[in-house]
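The values are calculated or read from the model by the stated rules, or taken from the named source; none is laboratory data. Since this is a predicted model, take the numbers as computed values, not measurements. Note that we place each Cβ from the backbone using ideal geometry, even for glycine, and neighbour counts take in every protein chain shown.
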Amino acid sequence: MSDTHTPRAGDDQASDTDVVALLIRQHGDIRNLFDEVEATSGDERRDAFRRLVRLLAVHETAEEEVVHPYARRKLPGGDRLVEDRLAEERKAKETLAALDEMDPDDPEFMPRLLALRTDVQEHARAEERYEFTHIRRTAGPAELASMAKAVKAAEAMAPTRPHPGAETMTAANVALGPLAAVMDRTRDAIRRVMGRS
Amino acid sequence: MTFNPLEQRGIPLDRQLRNWRELNVQPIDPDRCDPYTRCRIITMNGIETEAILFGHHLARHTSDPELKRQLARTRYIEAQQQRVVNWLLPGVSSVLETTIAYEQVAVDLTAWVARMEPDPYLKQAYEFGVLEDFDHLYRYANLYEMIEHRKAESVVDNLTEVMPGRPTKYHHRDPYDNVRDPYDRTTVNPLSKLHALTVMAAEQQTMNFYMNTGPTYMEPIARQLYQEIGLIEEEHVTHYESLVDPGETWWEQLVNHEYNECYLYYSFMEQESDPKVKAIWELHLNMELEHLHIACDLMRRHDGREPQEILAPELPDVLTFEPNKQYLRELLATQIDLTTLGAGYVREAHERFERMQQQIHGGEQPPSERVMAEHDEMFGREYRVETEGEHPDPALRER
């Protein structure tokens, strides 16, 4: 039997020349991590949640830096479209930051996580249907590829594999710092690739 | 079983119309629902879609304007029922995710019907078909992982295994060989009529779904796989619809449709785990009882016969969504290399089959093979869920 472990971000040999295909797969990766947080408990849940927070931070930052600006510039009505998505992202980030300060074993944690999951999933499908479809229609192969490259650089900032033990987990957390720091670092990485820093 | 739909009265037809608020149902949560709740929704959508389409065809063969108006009234209610049932599916699900659920329906519904079917010729027709739906589930599951990085088990939840069935490339038969012999309406067990109608309606809805949603994908392999499997659904509709005795009158068929809807809503009401969905099955059962009553009156008036002559004396055992893993494994071990010849089944690739294969494949690998190659390139493996051990057919074990 194959070892059919759940795919994680970057966990394939795809050529990644299409930013939309890449982001849709990341939406699946995020959904997989929500599953993992829900299915685990204790330290395992803490670890899964850390990875979820990081991937969400990296993914949303990449969208804000790469695809939303493109949509604003190139799509008819792009401004309004992006405003709607940004409002959803702001709301999700607030919930995420609040959750990030909570202990995953807190009884309040799960209901709030599930509410976040619903918001994130609706946001992701709205992007796929109202923004990504138009990006694919408008952008040429070179633009799709260069945006993909920037998103890949961001993805590298999110170590999505489970950590072997609690010690390294703590070390990794310290090294990465809180949510805002992950976003800053991701932004820098993207800007280096896009030659805008 | 004491429930006899012929003896029950439901909600009067003039009280069945629902307003926008009542039509605006809360969809299920795709990440937390019982997979078989989703299967029941998809099945009833197929059944209601068939009710609407059958009703339109009946109306087109009806010249009496008053009768047309009477049919239109019931049909409008059926249309509302379809809108409520299918709108239980959530907008956040992708087309591919819903496709995996459609194939879970095809596998576990057809397998259950095959297990319960009393007539050996009809049973063989279901056993033959289910091994093809089983393979479609496997192909789409691999596509799903490629496009969304999601595993099909997040949809089917280990209730249904995902592994090769009869390879999809061999499903393309000469249309001549897709037509079966019909049952004889005068001697067949009434349960067999319900089975044939149910599986036909489910496959017809699957055909509608693939032929309309397939082109919404942009990925070439996805577009092509929907085109290929969509054409096999055409074969399956041909296969199952030809089982129904064409000598049934229009009114007799109408009664069978309404009776089947009562049977299925009753069955699903009995086993539904989601209370909000269960309430809908119950409400719709109470509407269908009245539709059945109206249909029975029409049959008496136009055919001069009693509906009791064609229906079961009591409602059969409930149709159940449950795992069919061992049954499917037996079929995989024994029937994977079958194809059809005329209205029967053979193991050898005959001349007409070979000619069709040559023409449709045009010397190339079909999308159902290329999806596996592309998946392998991406992940270096295939996607399967083999919860009960390795594949029963040694030739189809993963290398």
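Details
- Only one of B:A343, B:A333, B:A279 that is touching a Pro at 6+ places or on another chain (Cβ under 6 Å) and more than 21 Å from B:L191 (Cα to Cα): B:A333
- Selection count where residues are buried (at least 23 other Cβ atoms within 10 Å of the Cβ) and free of Cβ contacts under 8 Å to residues at least 24 places away in the same chain, scope region A:36-66: 1
- Among the conditions (1) away from chain B (no Cβ under 11 Å); (2) of a type in the set (D, E, K, R); (3) part of a loop (DSSP other than H, G, I, E, B), A:R46 misses just one, which is (3).
Here's the yes/no breakdown for (1) out of contact with any Asp or Glu (no Cβ under 6 Å at 6 or more places or on another chain); (2) in a helix (DSSP H, G or I); (3) surrounded by fewer than 18 Cβ atoms within 10 Å (Cβ to Cβ):
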residue	(1), (2), (3)
B:L328	yes, yes, no
B:F353	yes, yes, no
B:I360	yes, yes, yes
B:E364	yes, no, yes
B:S368	no, yes, no
B:R381	yes, no, yes
B:E390	yes, no, yes
B:A395	yes, yes, yes
B:R399	yes, no, yes
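- Scanning region B:370-379 for residues that are away from chain A (no Cβ under 11 Å) and within 28 Å of the chain's Cα centre (by Cα), we see that the one that is surrounded by the most Cβ atoms within 10 Å (Cβ to Cβ) is B:V371.
- Search result, residues across region B:206-251 that are among the small types (G, A, S) and within 14 Å of another protein chain (Cβ to nearest Cβ): B:A222
- Annotation note: of B:E261, B:E228, B:E252, B:E241, the sole residue that is at pLDDT 95 or above, farther than 30 Å from B:L13 by Cβ and among the charged types (D, E, K, R) is B:E228.
- Residues that are assigned to a loop (DSSP other than H, G, I, E, B), surrounded by 14 or more Cβ atoms within 10 Å (Cβ to Cβ), within 14 Å of chain A (Cβ to nearest Cβ) and in contact with a Pro (Cβ under 8 Å, 6 or more places away or on another chain) do not occur anywhere in region B:31-44.
To keep it simple, each residue is scored yes or no on (1) modelled with pLDDT of 95 or more; (2) over 30 Å from B:L89 (Cα atoms); (3) assigned to a helix (DSSP H, G or I).
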| residue | (1), (2), (3) |
| --- | --- |
| A:L56 | no, no, yes |
| A:D79 | no, yes, yes |
| A:K91 | no, no, yes |
| A:E94 | no, no, yes |
| A:V120 | yes, no, yes |
| A:A142 | yes, yes, yes |
| A:M147 | yes, yes, yes |
| A:A153 | no, yes, yes |
| A:P164 | no, yes, no |
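- Considered as a group, the residues in region A:12-28 that are more than 7 Å from every other protein chain (Cβ to nearest Cβ) and in a loop (DSSP other than H, G, I, E, B) include one that is surrounded by the fewest Cβ atoms within 10 Å (Cβ to Cβ), and that residue is A:S15.
- Test: residue in region B:227-238 that is touching a Leu at 6+ places or on another chain (Cβ under 9 Å), surrounded by 24 or more Cβ atoms within 10 Å (Cβ to Cβ) and not acidic (D, E): no
- In region A:115-136, the residues that are more than 19 Å from A:T17 (Cβ to Cβ) and of a type in the set (V, I, T): A:T118, A:V120
- Test: residue in region B:179-197 that is within 25 Å of B:H391 (Cα to Cα), aliphatic (A, V, I, L, M), away from chain A (no Cβ under 14 Å) and more than 16 Å from the chain's Cα centre (by Cα): no
- All of B:M211, B:M218 fail the test of being in contact with a Gly (Cβ under 6 Å, 6 or more places away or on another chain) and surrounded by fewer than 19 Cβ atoms within 10 Å (Cβ to Cβ), apart from B:M211.
- Contact map, region B:335-346: residues that are closer than 11 Å to B:G129 by Cα paired with residues that are among the aliphatic types (A, V, I, L, M) and assigned to a strand (DSSP E or B), Cβ distance under 8 Å, separation 6+ or inter-chain. Pairs shown: B:L338/B:V346; B:T339/B:V346; B:T340/B:V346.
- Odd one out for B:A72, checked against (1) under 25 Å from B:E241 (Cβ atoms); (2) touching a residue at least 40 places away in the same chain (Cβ under 8 Å); (3) of a type outside the set (V, I, T): (2)
- B:E390 being over 29 Å from B:Q224 (Cα atoms), within 14 Å of chain A (Cβ to nearest Cβ) and acidic (D, E): yes
- The listed residues are B:D14, B:D108, and the only one of them that is without any contact (Cβ under 8 Å) to a residue 12 or more places away in the chain and in a helix (DSSP H, G or I) turns out to be B:D14.
- Where a residue in region B:270-284 is over 11 Å from B:L88 (Cβ atoms) and its partner, wherever it lies, is part of a helix (DSSP H, G or I) and aliphatic (A, V, I, L, M), with Cβ under 8 Å and at least six apart: B:K278/B:M269; B:E282/B:M269; B:H284/B:M44; B:H284/B:V84; B:H284/B:V85
- Scanning region B:178-197 for residues that are part of a helix (DSSP H, G or I) and either out of contact with any Asp or Glu (no Cβ under 9 Å at 6 or more places or on another chain) or free of Cβ contacts under 8 Å to residues at least 40 places away in the same chain (or both) turns up B:P190, B:L194.
- Cβ-Cβ under 7 Å pairs, at least 6 apart or on other chains, region B:147-167 side part of a helix (DSSP H, G or I), far side of a type in the set (D, E, K, R): B:I147/B:E219; B:E148/A:R25; B:S154/A:D35; B:V155/B:E97
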